[in-house]
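Chemist: Below is one structure. I have some questions about it.
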């Protein structure tokens, strides 16, 4: 039993170490206002995956517009919501997120609230990056790219 407990603790420690911590750098509102993009894949059914690109345009009035384009699907998913920044943590209300419909055994997109954060971003003129996902599991989080 001690071996299993130790193994679980090691896995939890490694998983938490792989996620970057919120930035402690100072940044301006202009560093985060604008369009952020991300490309990802997710299960569409039990046996298939879907590739998609998403953009979230953060407006200076505290609102955002989101567009999701799934490869091979002519339908574009759109949502609008609000965001609040507290330090380097960001709460988004009304974000389209990836979910699973257990009855139909297929992927769905549903509006939910999400908590993301800003992380240090090196190697570009982008000072910070949004760190989040369209899934509630923080292990699925990734840095997003800001379009200038």
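The values are calculated or read from the model by the stated rules, or taken from the named source; none is laboratory data. The structure displayed is predicted, hence computed values, not measured ones. No Cβ is skipped: glycine too gets one built from the backbone with ideal geometry, and neighbour counts run over all protein chains shown.
Chemist: Restricting the search to the stretch 35-72, which residues are over 17 Å from residue 135 (Cα atoms) and modelled with pLDDT of 95 or more?
Modeler: 35, 57, 58, 59, 60, 61, 62, 63, 64, 65, listed by residue number.
Chemist: A further question on this structure: Being over 16 Å from the mean Cα position of the chain (by Cα) and farther than 15 Å from residue 109 by Cβ is the filter here, so list the residues in the stretch 50-70 that pass it.
Modeler: 59, 60, 61, 62, 63
Chemist: Tally up the residues in the stretch 111-130 that are in contact with a helix residue (DSSP H, G or I) (Cβ under 8 Å, 6 or more places away or on another chain) and buried (at least 20 other Cβ atoms within 10 Å of the Cβ), please.
Modeler: Number of matching residues: 1.
Chemist: Of the residues in the stretch 42-52, how many are surrounded by 13 or more Cβ atoms within 10 Å (Cβ to Cβ) and not in a strand (DSSP E or B)?
Modeler: 1
Chemist: Answer yes or no as to whether residue 133 is touching a residue at least 12 places away in the same chain (Cβ under 8 Å), farther than 27 Å from residue 24 by Cβ and surrounded by 15 or more Cβ atoms within 10 Å (Cβ to Cβ).
Modeler: no
Chemist: Now a separate question. Within the stretch 111-128, work out how many residues are assigned to a strand (DSSP E or B) and in contact (Cβ under 8 Å) with a residue 40 or more places away in the chain.
Modeler: 5
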